[in-house]
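The values are calculated or read from the model by the stated rules, or taken from the named source; none is laboratory data. Every value quoted in this text rests on a predicted model; they were computed, and no experiment measured them. Glycine gets a Cβ as well: all are built from the backbone with ideal geometry, and neighbour counts include every protein chain shown.
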Amino acid sequence: MNATAKYCLGLLLLASLIANVVFICMQARKTPEVPKCSRQMAAGMLKTHKHDGKSLIFSDLSAEEHTVVKEYLMKQADLKLTDSEVATLSDDYIFLIELHLPEKELALRYLDSSGPKPPREAKVVVFHGSRDLLVEYIVGPLPKPTYHRDDTIKRYGKRLQYSGRPVTRVEYGYIFDFLATKEFPKLGRVLQESFAYDGSNFCFVEGMPRGLKSGDRASWYTVFRKMSGIYLHPVGLEIRIDHSSKDPSGFKVLQIFYNGQYFNSSEELRDKYEKGNIKKIVYQPSEDYASLKPRRPPSGLPPQQYEMRGRRYSVQDNQVLYLDWGFAFGLSSLTGMYLFDIRFKGERIAYEVSVQEAIAMYGSSTPAVMLTKYVDSSFGIGRLAHELVRGVDCPYHATFVDTFRYLDTNQAKHYRNSICIFEHNMGRPLRRHFSDFFINDYGGLVNSVLIIRTITAIANYDYIWDFVFYQNGALEVRVFATGYISSAYLIDGSLRYGHQVAKNTLGTLHTHFVNFKADLDVTGTNNYFLTKDMAYHEVQVPWSPERRVQVPKLVEKQLKTENEAALRFDQKIPRYLHIASNKTNKWGHNRSYRIQVLSFNGDHLPESVPEEAAVSWARYKVAITKHKDHESTSSSLYNQNDMWSPAVNFSSYINGESIENEDLVAWISTGFLHIPHAEDIPNTVTAGNGGGFFLRPHNYFDEDPSINSPDSVYLDPSIPSDSCELNPNACLQNEVCMPNLPAFTYNGFDEVIHI
């Protein structure tokens, strides 16, 4: 072998050796495959309770149940119903189908003993246009209905004014068609020169109520430019339309508001405009300042939470179990989220905790906003709970639940992923202490909670509804507001009612009021209402009798009637409010749950205002009443459109009855004042914009039940820092796994309302 060949062979062997070394090193350094986190429920988390089918008495109607109820009623010859898909305003048709909740006494017998299962029934709202009647029928039993009964007078004590019905998709269609085909052609030059109207670039937002007295059905419609964030693009035109006739040909314009000036008809506005006798609006294109499209590309991902050993909660049908908690849930088309049969360590804490109503009252010098007092259940708070966006509206790892609703439609609509449930680390300890005197140790508990959430997009505002379950037996209920502010066209005098937030745009001042129902059953239904606070009193110093000091003392008072327990918004109230039991804990104190309101309402309407009766629950920070099945809600579907003679006037519930040793219900109001400002553009943020309340155990237990949490951590100098026995965090590095993340999907735009 010559020298050249030997040299080449040597190079080849060296290259092979280097390649093998590199390969071996790479294999040695290769990261082992990380296992996927478990999708199964974490072992041993639900030792004290199991799922049962009894919670189904509170479950929302299924798609099939909606269908059988509709089919049953359509066959009833005496009702003479027309399918809502083809119905006119003069026809009789179904507007709403939803669950009719069982009477509480029957439900408790079934839940707690061997009582029979209450019949499953549906509530159905029918607009009898041929007879000018609003009727609520109870249909049952499901799934094979054989009866229906008119429940209207039993529920409301009277027949309901037909003009108090909500406006339907059909009626909106008639109104917008009336404007487009009958009125706007009269204003061709005005609309073109002032707004560059092309027949399709207007949107309309209505003011409510629809008039000034019972029976009125005449609405102000504010015109907005059809572009992203329409609510921030008023053009300076508002139109008052009488749509009380069931024949759309009878609709008429009553007034027009253009650039701060009133006109009695389209013809009057047109004629004065053409003669140059008015102050004109000169069209200028609007900037796209209200779009929510990101202004910079995404970079990286925010922190995520995931469940390394699987979920510590279980969802079966409409029942959730989490550590020591258990409850049933549902979503009413009208009032939104509700929970029933809420238990901690197997004991019922509350029979019902639910959203009741949300209102917003506006101020402005423009006519539509000037009158506006939105009562949201008339739109359907739960109806407007669309699909939640994974990773934004709820954590990516949350459990999502679909719902079905039938409101102003001809078949049940499927709303995918409209409720989410997740365990969440709040990022601060629930409790902790570090001892540095005499004894050295540390004890703490991460604040992991379970949250059930829905979000409702009610026109411009989005409300986030959270029910939060803590490991110490506390339940927090909270609401946050986001979305777009409502705005008005800027005219002389506008700045008395808000701040300018964009060109020619006033962010209008308004107050948010939200009402909740908490039917607490503290060791049973035999409860009383107790308040606690403190007061300073003067005492003599025992070891120095010539001196006196002020010492805070406990002040307790039992309020014995509904009138005493109606705590008004404008009065100072005790800081501790309790639904209490006659049963005592180990230390001899009456077991109770405290109602702690986090954010009280702003100023309420004076009671002399005619519309106040429809929202009279907002008079009270908290009101305690005796439970009655027919006093099931603080508002109604019809209160918005007949505020002067409302179907439900909550104040009538407070009539001096005894609340001593009775089944008690707390009606809790929260809210906030919103003065819009530049930072509300493009969107109002949730930070600082919300309210809510806690239900907290107070002498209910003998000690804090969270001491038994499996999440507790304990350290002292004698325990090695790497020991996992009392500190699971010490071995966290051994729990590495890849989150089981589903693919991102979104179908929410399939569910939007079409007019």
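Scanning the stretch 600-625 for residues that are surrounded by fewer than 19 Cβ atoms within 10 Å (Cβ to Cβ) and not hydrophobic (A, V, I, L, M, F, W, C) gives Gly602, Asp603, Pro606, Glu607, Ser608, Pro610. Scanning for something farther than 26 Å from Ala77 by Cα, at pLDDT 95 or above and among the small types (Gly, Ala, Ser), does the stretch 140-155 turn up at least one residue? Checked the stretch 140-155: no residue is farther than 26 Å from Ala77 by Cα, at pLDDT 95 or above and among the small types (Gly, Ala, Ser). So, of the residues in the stretch 438-457 that are farther than 15 Å from Leu715 by Cα and without any contact (Cβ under 8 Å) to a residue 60 or more places away in the chain, which turns out to be surrounded by the fewest Cβ atoms within 10 Å (Cβ to Cβ)? Across the stretch 438-457, the extreme among qualifying residues is Phe438. Selection of strands (runs of 3 or more DSSP E) fully inside the stretch 145-232 by the criterion of at least 3 residues being under 25 Å from Glu287 (Cα atoms) returns 202-206, 218-225.
I'd like to check something: does the stretch 242-255 contain any residue that is modelled with pLDDT of 95 or more, in contact with a Pro (Cβ under 7 Å, 6 or more places away or on another chain) and closer than 28 Å to His499 by Cβ? Within the stretch 242-255 (the criterion being modelled with pLDDT of 95 or more, in contact with a Pro (Cβ under 7 Å, 6 or more places away or on another chain) and closer than 28 Å to His499 by Cβ), the answer is no, since none of the residues qualifies.
Residues that are more than 20 Å from Ala459 (Cα to Cα) and among the aliphatic types (A, V, I, L, M) do not occur anywhere in the stretch 229-237.
So that you can scan it fast, the table gives a plain yes or no per residue for (1) outside the structural domain of Phe694 (by TED's automatic domain parsing); (2) touching a strand residue (DSSP E or B) at 6+ places or on another chain (Cβ under 8 Å):
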position	(1), (2)
Lys583	no, yes
Lys586	no, no
Arg591	no, yes
Gln596	no, yes
Trp617	yes, yes
Ile624	yes, yes
Glu631	yes, yes
Asn641	yes, no
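If I filter the stretch 658-677 for residues that are in a loop (DSSP other than H, G, I, E, B), surrounded by fewer than 18 Cβ atoms within 10 Å (Cβ to Cβ) and in contact with a Cys (Cβ under 9 Å, 6 or more places away or on another chain), do I get at least one hit? So far as the stretch 658-677 goes, no, none of its residues is in a loop (DSSP other than H, G, I, E, B), surrounded by fewer than 18 Cβ atoms within 10 Å (Cβ to Cβ) and in contact with a Cys (Cβ under 9 Å, 6 or more places away or on another chain). When you check Thr508 against the structure, is it out of contact with any strand residue (DSSP E or B) (no Cβ under 7 Å at 6 or more places or on another chain), crowded, with 16+ Cβ neighbours inside 10 Å, within 30 Å of Thr335 (Cβ to Cβ) and not hydrophobic (A, V, I, L, M, F, W, C), yes or no? Spelling it out, it is not the case that Thr508 is out of contact with any strand residue (DSSP E or B) (no Cβ under 7 Å at 6 or more places or on another chain), crowded, with 16+ Cβ neighbours inside 10 Å, within 30 Å of Thr335 (Cβ to Cβ) and not hydrophobic (A, V, I, L, M, F, W, C).
For Glu268, the conditions (1) free of Cβ contacts under 8 Å to residues at least 60 places away in the same chain; (2) within 31 Å of the chain's Cα centre (by Cα) are fulfilled apart from (2). If the condition is being touching a residue at least 60 places away in the same chain (Cβ under 8 Å) and crowded, with 16+ Cβ neighbours inside 10 Å, then the stretch 80-93 contributes Ser84, Ala87, Leu89.
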